[in-house]
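Laboratory data are not the source of any read-out in this text; all were calculated from the coordinates shown. Given the structure is predicted, the values throughout are model-derived calculations rather than measurements. In this analysis, Cβ positions are derived from the backbone assuming ideal geometry, glycine residues included, and neighbour counts consider all displayed protein chains.
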Amino acid sequence: MRRIAISASFLFLLICAPTVYSQQDDAGARERTRARLAQLLEKLGPEVKIAFRQSQKQPFNYVGSLTTGLVNADSFEVVVSVTAKDTIGFRVYPHYNRGYVNVDRAKDRAALMRLLLRLSDRAFLFWGADETGDIFTGYTFTLESGFPDEAIKIVLRSIVNSDKFIGEMRPFIDGTTAVK
């Protein structure tokens, strides 16, 4: 009987010890990813005309606003998140007519949602709506193969291209037509 208790204790240590170590290592990895992302955003921000700052509410988020080079949107609010699941997520919220574009306030909700689905198929960045109905475009990187410096640069440079899609949405948002 004593031998079984020792084996069970040993088995418990084998199963639980790597989990505890892994959780501590994940926190350290997330901190390192955040530091590297901060350096990259500081370097690339001026190139893409977005001044990033660390979020006051969520220390693993960086936020910025793109206001230049746009003809249909007022601005794009860019939120870059380092998640606890080894990913970096981009959520880019278009601001139009002094506010977020919200599905529930759209003139033609069904047509707007159909367009978002089609855009997710044909555009580089995917489109979606958050839990409040605010629409965004985004991209998610997994860090399994390392830190994606060049790929992040491509996503940041692509944000301004989403302005044309806001032009396509305008008839469904408020009935106006796109600015060319």
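Compute, for the chain, the length of the dipole vector about the Cα centre, with Cβ point charges of +1 (Lys, Arg) and -1 (Asp, Glu) only. Units Debye, rounded to 20. Walk me through the intermediate numbers first.
Values: 24 positive and 20 negative charges, 18 e Å.
Dipole size: approximately 80 debye.
Using a Cα distance threshold of under 28 Å, what count of lysine pairs results for the chain when pairs must be 8 or more residues apart or interchain?
Step by step, the pairs that qualify in the chain add up to 16.
Of the residues Lys85, Lys57, Lys49, which exhibits the maximal mean-square fluctuation in a Gaussian network model of the chain defined by a 10 Å Cα contact cut-off?
Lys57
Going through the range 92-180, which GluC sites (Glu not before Pro) have at most 14 other Cβ atoms within 10 Å and a DSSP loop state?
Glu131, Glu144
Add -39500 (n - 2.57) for each DSSP H run of 4 or more in the chain, then divide by its residues: what number comes out at 222 nm, to the nearest 500 deg cm²/dmol? Write out the running numbers ahead of the final one.
Numbers: 4 runs with 82 residues, N = 180.
Mean residue ellipticity at 222 nm (helix-derived): -15500 deg cm²/dmol.
Just one of (1) 41, 20, 13; (2) 39, 19, 16; (3) 33, 19, 16 is semi-axes √(5λ) of the Cα gyration tensor in Å as worked out from the coordinates here. Which one is it?
(1)
Are there any trypsin sites (Lys or Arg not before Pro) in the range 86-128 that are in a DSSP loop and have at most 14 other Cβ atoms within 10 Å? List them by number.
Working: sites: Arg91, Arg98, Arg105, Lys107, Arg109, Arg114, Arg118, Arg122; in loops: Arg98, Lys107.
Taking the range 86-128 and a limit of 14 other Cβ atoms within 10 Å, the loop trypsin sites (Lys or Arg not before Pro) found are Arg98, Lys107.
Please list 3J(HN,Hα) in residue order for the range 101-117, calculated via the Karplus relation 6.51 cos²θ - 1.76 cosθ + 1.60 where θ = phi - 60°; whole Hz, with x for glycine and proline.
8, 10, 4, 5, 9, 6, 5, 10, 4, 4, 5, 4, 5, 4, 5, 4, 5
Would you pull out the residues with amide H under 5 Å of Ser55's amide H, same chain only if 5 or more places away, H placed 1.01 Å from N?
Asn61, Tyr62, Val63
Given +1 on the Cβ of Lys and Arg, -1 on the Cβ of Asp and Glu, and no further charges, what dipole in debye does the range 52-141 carry about its Cα centre, rounded to the nearest 20? Provide the component values of the computation, followed by the final result.
Values: 11 positive and 9 negative charges, 21 e Å.
My answer is approximately 100 debye.
Can you work out ³J(HN,Hα) from phi for every residue in the range 173-180, in order, using Karplus 6.51 cos²θ - 1.76 cosθ + 1.60 and θ = phi - 60°, giving whole Hz and x for Gly and Pro?
7, 9, x, 8, 9, 5, 8, 8
Would you work out which of Thr83, Gly133, Val63 lies farthest towards the positive end of the dipole of the range 60-180? Charges go on Cβ: Lys and Arg +1, Asp and Glu -1.
So the residue we want is Gly133.
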